[in-house]
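Presented below is the structure to which this report refers.
All of the numbers you see were taken from the coordinates with simple rules; none came from a lab. All values derive from a computational prediction rather than experimental measurement.
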Amino acid sequence: MEKSIATLDKGTICSSWNYCGQRLATGLIDGTIAIFDTSDPASSFFTSTFKFKVNNGSITKVVWVPPEYGDAIACICSDGSLSIWEEISEDSEPVQWKQCTSFGGPLDQVLDGQFGNSVSSLKLTIAYSNGLVKVYEILDSMELKNWQLQAEFQNVTDSLAKFGKASCSLASISWNPQRNESRPASFVLGFNSDTPQLNSPKVWEFDQDHQRWLPVAELGDNSDLVNALAWAPNIGRPYELIAVATSKEISIWQMASDPDANGRLSVEKVGMFPCHDNQVWQMEWDMSGMTLATSGTDGRVRLWQSNLNGIWHEQAVIESAT
């Protein structure tokens, strides 16, 4: 039986749950952010507790900061900016959401941004419409306003290859959700651009000895235009799973956890299924990394799982009741 858990504002175009599913942030077409909370932990119904304006344009994406850094979100707006907002409680003053910092803008447009919580510090990876990727790290875990640029590069496997200013319409970043001292920080990145060499999803890993990011795997070829990526949580698997949604299909890639003699991670496409009648725009794994949820232009949410023989299939389709 269907059960409503929240009534969202008219004009809501994106949303994001916090790490434990106890808070919901939504972005509206008028540039407003709404925060939803539940007054009773035993209840599953959420009501709007805060609303604040962050931009004159629409909000295209909302991402929560990892919980150990407080209650904070990053908002990507239609004008190409990314801003970070933190919930502040000062003395006897009422709780407020205040802007900490911002990146990008009309001349340097942000397409995607994701937080990665490495062992050393909080990092923020941002993909820009000109094809550049920038990795920032926080200087003080208590100050979300102070970030320094750690690296800047293009999404290519050949470190000597340089391409002129690209025109990118979409980008997707997904960090490895596991934080492990024995493994370096890593994320996967892909573009939808007019420069084929930038498009294919590539896994980037931080080389601690030389303090640089290196491409260690490539998923697919340059002919695919990437719409969305999702790195699955890993609970005991000897390999990693990464979902890739392109303009043609959704694919599941299996990637080795340990590098070969050349420092590369072997990959294999283990699943492939069609898009949502047209295109997929968002994907999320469940906490176990066994079920993939996808949404697309057909207005449906589809759930995908692998059977005991390793064959991926559609498990369920969820449609709006209205």
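The share of alpha-carbon pairs in segment 137-186 lying farther apart than 15 Å comes to 71%. Excluding same-chain neighbours fewer than eight residues apart, the aspartates and glutamates reachable from Lys53 by a Cα-Cα span under 16 Å are Asp9, Asp30, Asp79, Glu86, Glu87. Across segment 1-52, the volume of the C-alpha convex hull divided among the residues equals 85 Å³ per residue.
Pairs Lys145/Lys202; Lys248/Lys269; Lys123/Lys162: which are spaced more than 19 Å apart, C-alpha to C-alpha? Listed pairs above 19 Å: Lys145/Lys202; Lys123/Lys162.
Take the chain, connect every pair of alpha-carbon atoms lying under 10 Å apart with a spring to form a Gaussian network, then pick out the residue of Leu308, Leu229, Leu124 with the largest mean-square fluctuation. Comparing Leu308, Leu229, Leu124 in a Gaussian network model of the chain, the most mobile one is Leu308.
With the biggest extent put first, the Cα atoms of segment 147-249 measure 37, 33, 25 Å across the principal axes. By the rule of a C-alpha distance below 17 Å, with chain neighbours fewer than 8 residues away ignored, the aspartates and glutamates paired with Lys165 are Asp108, Glu152, Asp194.
The relative contact order of the chain comes to 7 percent, based on Cα pairs under 8 Å that sit 6 or more residues apart.
The mean of 1/r over all pairs of different alpha-carbon atoms in segment 75-182, once inverted, gives a Kirkwood hydrodynamic radius of 15.5 Å.
Report the percentage of all Cα-Cα pairs in segment 221-312 whose separation exceeds 18 Å, rounded to a whole percent.
45 percent
Kindly give Rg over Rh for segment 5-163, based on alpha-carbon atoms, with the Kirkwood expression for the hydrodynamic radius.
With Rg and the Kirkwood Rh in hand, the quotient comes to 1.00.
In the elastic network of the chain, a GNM with C-alpha springs shorter than 10 Å, the most mobile of Thr26, Thr47, Thr157 is Thr47.
Springs join every pair of Cα atoms under 10 Å in this Gaussian network model of the chain, and among Ser174, Ser92, Ser266 the largest mean-square fluctuation is at Ser92. Extent along the principal axes, Cα only, for segment 35-103: 39, 29, 23 Å, with the longest axis given first.
How much space per residue, in cubic angstrom, does the convex hull of the C-alpha atoms of the chain take up? Working shown, then result.
Values: hull volume 49.5 nm³, N = 322.
With only Cα atoms used, the chain gives 154 Å³ per residue.
Geometric descriptor of segment 189-245, per residue, is 97 Å³ (volume of the convex hull of the Cα atoms).
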